[in-house]
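Below: one structure, written as structure tokens.
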Amino acid sequence: MIDYHLHLWPHGHPDSPMSVEEIASYCEKANKAGVAEIALTEHIFRFRQTEKILGDFFLRYPESKMRGLMFDYWHQHSRADMDEYFRVVQEAKDAGLPVIAGLEVDYYPGEMDKVASLISDYPLDVALGSVHWIDDWPFDHISDPFVMEYWNHYGVERAWGAYTTALEELAQSGVVDVLAHPDLIKVAGHFPSIPDEFFDRMAQAAASSGVAAEVSSAGIRKPVGEAYPAPNLLAKFFELAVPITTASDSHGIEHVGFQAAEIKKFVTSAGYKNLLGFKERRPYEVEI
Ligand SMILES: [Zn+2]
Ligand SMILES: [Zn+2]
């Protein structure tokens, strides 16, 4: 197994100094859960280098409480140094630790060329692609009542539609290798009347653009209470021969390798015989 989606810093906490020892402790915890290799995939908005090119991104939306909240959230997070991040991961690799260097790339409509150019400056092994917000609405901020109340205003069908369109565009952008938590829009437990219509589009988006899909235990820890993707969506990925990675999306060491054994059962019972590993953004098959 692999855990290809890990964060060093919990949200709402400033970035702490990185060390090879910390990465070693992640590897050790992963190993105990049956995970042979990990990818550190910090959010790109945690870095000063991203703030420099995308710091004004949310100002494109009309002024509102939501926009202000999102603008502040983003800027409060963008303090770390991307050079240092890649330097320490390289040091960990040089020390023989089973870790690769990744980033979790959000979808910035109309700005993905800037993102592509930024990440091309770094020795990146894998780029995860994520849709975390619809316009300036961070629909997965489940602990914020104001943000969650907005579900009533926006509407579930419309939210699933907008999310799926964003995921299609992100897949087609060519900037990322893997669609992270592909049906994240279900996080708060709101489902449209016919989820399969959206799952068909999500699976097609991955298949037609040649990106992999992530199978993540993070959803089990959220109100929805199930892995990403849903069983029906995983079946569609398999049908269309979309390769997969596996992940915990731990923020901090706490959930490294979370429910890896259950995820292993989930993907093998869907028919998968291999996972996809990455080195320098080149995919290769890995045993489950
Ligand atoms: Zn994410
Ligand atoms: Zn993440």
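Going by amide H atoms built from the backbone, whose H comes under 5 Å of the H on residue 42, apart from near neighbours?
When sequence neighbours closer than 5 places are left aside, the close amide H contacts are 102, 104.
What is the ratio of the Cα radius of gyration of the stretch 1-151 to 2.2 N^0.38 Å, with N the residue count, to two decimals?
1.10
Going by amide H atoms built from the backbone, whose H comes under 5 Å of the H on residue 226, apart from near neighbours?
Here the answer is 220, since their amide H atoms fall under 5 Å of that of residue 226.
5 Å is the cut-off here: which amide hydrogens, built 1.01 Å from N in the peptide plane, fall below it relative to residue 80, excluding neighbours closer than 5 in sequence?
Here 47, 48 satisfy the definition.
For 21, 28, which order do you get if you count the other beta carbons within 10 Å of each Cβ and list the fewest first?
21, 28
Under a Cβ-Cβ cut-off of 13 Å, what is the net charge of the residues other than residue 78 that fall near it, where Lys and Arg count +1 and Asp and Glu count -1?
-3
For a quick check: sort 209, 143 by the number of other beta carbons within 10 angstrom, fewest at the front.
On the way: 209 17, 143 8.
Least crowded to most crowded, the residues run 143, 209.
Alpha carbon centre of the stretch 89-166 versus the stretch 39-85: separation in Å?
Value for the Cα centre distance between the two parts: 11 Å.
Testing the spin-label approximation: label points 7 Å from Cα along Cα→Cβ at residue 22 and residue 59. State their distance in nm.
About 3.1 nm, to one decimal.
Fewest Cβ neighbours within 10 Å first, please rank 2, 220 accordingly.
With the fewest neighbours first, 2, 220 line up as 220, 2.
Give me the net charge for the shell around residue 124: Cβ to Cβ below 12 angstrom, other residues only, Lys and Arg +1, Asp and Glu -1. Can you show the working numbers first?
On the way: positive: 279, 281, 282; negative: 42, 104, 121, 125, 177, 280.
With Lys, Arg at +1 and Asp, Glu at -1, the neighbours total -3.
Residue by residue through the stretch 173-186, what is 3J(HN,Hα) from phi via Karplus (6.51 cos²θ - 1.76 cosθ + 1.60, θ = phi - 60°)? Round to whole Hz and write x for glycine and proline.
For the stretch 173-186, the Karplus-derived couplings read 5, x, 8, 10, 9, 9, 8, 6, 5, x, 10, 3, 4, 7 Hz, x marking Gly and Pro.
Sorted by mean Cβ packing within 10 Å, highest first, what order do the peptides 222-229, 172-179, 113-120 take?
Ranking the peptides 222-229, 172-179, 113-120 by packing returns 172-179, 222-229, 113-120.
Kindly write out, for the stretch 70-78 in residue order, the coupling ³J(HN,Hα) from the Karplus curve 6.51 cos²θ - 1.76 cosθ + 1.60 (θ = phi - 60°), rounded to whole Hz, with x marking Gly and Pro.
Values per residue, Gly and Pro as x: 5, 4, 5, 4, 4, 6, 5, 8, 8 Hz.
Kindly write out, for the stretch 134-141 in residue order, the coupling ³J(HN,Hα) from the Karplus curve 6.51 cos²θ - 1.76 cosθ + 1.60 (θ = phi - 60°), rounded to whole Hz, with x marking Gly and Pro.
Karplus values, whole Hz, x for Gly and Pro: 10, 6, 9, 9, x, 4, 9, 7.
Since every read-out is calculated from the coordinates, none of them should be taken as a lab result. For clarity, every value in this text was computed on a predicted model and none was experimentally measured. Backbone-built Cβ (ideal geometry, glycine too); neighbour counts: all protein chains shown.
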